[in-house]
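Structure, as structure tokens:
The values are calculated or read from the model by the stated rules, or taken from the named source; none is laboratory data. Predicted model, so just to flag it, every value in this text is computed and none were measured. Note: ideal-geometry Cβ built from the backbone for every residue, glycine included; neighbour counts use all protein chains shown. Accessible surface areas use protein heavy atoms only, side chains included; no ligands, DNA or RNA. Shrake-Rupley method; radii C 1.70, N 1.55, O 1.52, S 1.80 Å.
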Amino acid sequence: RRVHGNLQKTFEFELWSSWDFVVCFAFSSGLAFVLNYSIFLCTQVHSPLTTSVIGNLKNLVTDLVGLFAFNDVKRTPLYMTGILIATLGALLYSYFKTMTILSRSKVRSRY
């Protein structure tokens, strides 16, 4: 019963008649679909760990953009340390993953 009430409120939302809202809603829905499909493909092609690290890297980039784009972010030492640890973790993972792939390809090319 609770879901039915929310669904009814969704259909009664007054901005459905606004062309601007409908276009923005459709665009947002399309981006959400592309994002979910990209995550699915990344998990199929790579390991779930790689997908998780890429997701954390995306969050890191989002944090950095917010850090420099908005003035209301508190740049505390703890926050900056977290950003530094996340950056180093992503870089180290990328480096070691690349080295592993390169060493495997060298071993295969010998045989």
Expressed in nanometres to one decimal, the distance between label points 7 Å along Cα→Cβ at Glu12 and Leu49 is 5.2 nm
Helix 2-11: inclination vs the chain longest Cα principal axis, degrees, rounded to 10, gives 80 degrees
Sorting Lys58, Lys97, Lys9 by accessible area (1.4 Å probe), largest first, what list results? Lys9, Lys58, Lys97
Which chymotrypsin sites (Phe, Trp or Tyr not before Pro) does segment 29-77 hold that lie in a coil by DSSP with at most 10 other beta carbons within 10 Å? Phe70
Short version: ³J(HN,Hα) in whole Hz for each residue of segment 44-60, in order, from phi by Karplus 6.51 cos²θ - 1.76 cosθ + 1.60 (θ = phi - 60°), x for Gly and Pro, what are they? 5, 7, 10, 7, x, 5, 4, 4, 5, 5, 4, x, 5, 5, 4, 5, 5
Rounding to the nearest 10 and keeping the result within 0 to 90°, find how far the Cα-based axis of helix 77-110 lies from the longest principal axis of the chain. 50 degrees
Mind giving me the nanometre distance, one decimal, between the label points for Ile83 and Leu31, set 7 Å out from Cα along Cα→Cβ? 2.2 nm
Two-site FRET efficiency, Lys97 against Lys74, from Cβ-Cβ distance with R₀ of 35 Å, rounded to 0.05: 0.55
